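Below is one structure, written out as structure tokens; the observations come after it.
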Amino acid sequence: MMEQAPLGIDPHVPNAARMYDYFLGGKDNFQADRDLAELVLSVMPDVRVGTQQNRALIGRVVKYLCDQGITQFLDLGSGLPAQENVHEAARRYVPDARVVYVDSDPVVATHGRALLAEPDRVVMVQADARRPEEVLGDPRVRELIDFDRPVALLMMFFLHLVPDEDDPQGFVARYREALAPGSYLAISHVGSDTAPELVNKVVEFYRRANTPFCPRPGAEIAAFFGDFELIPPGLATGLGEQTGWPFIDPADRPVIAEELARMGYAGIGRKP
């Protein structure tokens, strides 16, 4: 567990990225993160399993994208390094895959640079993903990613931490516009319309954290894909047995509470 906070970090304010790390069994978190995470677990004990499945989903999504010939990945709101990082998953299928991780959190950036940095193949960039011009114009991003060729843009477990006043639909659209034809956008996002009572409890818990928790109805989540062609079966819900999401191996589906399984939406869209 982290005991000393880096300069400028308040360890007494729970942090969404560090709570996520705790749910995954990581050690890059403070007592305030653990306390709020345990409060969430007291109401939804399966959150830890669901979080682990979200990480596993990332690996399956990356495999699918590699199978489509994608070799470049831009992972926004990547969070702390954990098991099954994007570059690790990609390199099993594309040894020369290039990956840029982007996160605004200084703790995430510091740990990412220490653990992930391979300047010719993998970099961690500290930037605000809500500002596409800042991210897309960053020289480290430009050095690794060729936007004239197809790119996989990943927004996994990220957009539901962005409030509406930050105009997520607007900045996601600017990212879509910057991508070449044949690029992909992958999103996982907690829904507000599938298990509302449970989701509302999580929203209340996260009021104590450094960022709000902003679940959205499926129609709003689908709108993030714009005119991208959704890969069948489209935007699907579920991380457990009830899922219709094709990238989850049935052998890997955990038995988790049906209500929790319905909370998550996931989808991949392709730019025509």
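The values are calculated or read from the model by the stated rules, or taken from the named source; none is laboratory data. Model, not experiment: these values are computed from the prediction. In this analysis, Cβ positions are derived from the backbone assuming ideal geometry, glycine residues included, and neighbour counts consider all displayed protein chains.
I'd like to know if the stretch 196-205 contains one or more residues that are within 20 Å of the chain's Cα centre (by Cα), part of a loop (DSSP other than H, G, I, E, B) and either surrounded by fewer than 18 Cβ atoms within 10 Å (Cβ to Cβ) or of a type outside the set (A, V, I, L, M, F, W, C) (or both). No, there is no match, as no residue in the stretch 196-205 is within 20 Å of the chain's Cα centre (by Cα), part of a loop (DSSP other than H, G, I, E, B) and either surrounded by fewer than 18 Cβ atoms within 10 Å (Cβ to Cβ) or of a type outside the set (A, V, I, L, M, F, W, C) (or both).
Once the stretch 82-93 is narrowed to residues that are more than 14 Å from Phe157 (Cβ to Cβ) and touching a Phe, Trp or Tyr at 6+ places or on another chain (Cβ under 9 Å), the residue that is surrounded by the fewest Cβ atoms within 10 Å (Cβ to Cβ) is His87. Could you go through the stretch 159-171 and let me know if any residue there is assigned to a loop (DSSP other than H, G, I, E, B), among the aliphatic types (A, V, I, L, M), under 17 Å from the mean Cα position of the chain (by Cα) and closer than 27 Å to Asp33 by Cα. Among the residues of the stretch 159-171, at least one is assigned to a loop (DSSP other than H, G, I, E, B), among the aliphatic types (A, V, I, L, M), under 17 Å from the mean Cα position of the chain (by Cα) and closer than 27 Å to Asp33 by Cα, which makes the answer yes.
Residues being of a type outside the set (A, V, I, L, M), at pLDDT below 95 and farther than 28 Å from Asn29 by Cβ are entirely absent from the stretch 219-226.
Of all the residues in the stretch 9-33, those that are of a type outside the set (Val, Ile, Thr) and part of a loop (DSSP other than H, G, I, E, B) number 12. If you go through the stretch 34-68 and keep only what is in contact with a strand residue (DSSP E or B) (Cβ under 8 Å, 6 or more places away or on another chain) and outside any helix (DSSP H, G or I), you end up with just Gln68. Here Asp193 meets the list (1) under 28 Å from Met44 (Cα atoms); (2) modelled with pLDDT of 95 or more; (3) in a loop (DSSP other than H, G, I, E, B) almost entirely, failing just condition (2).
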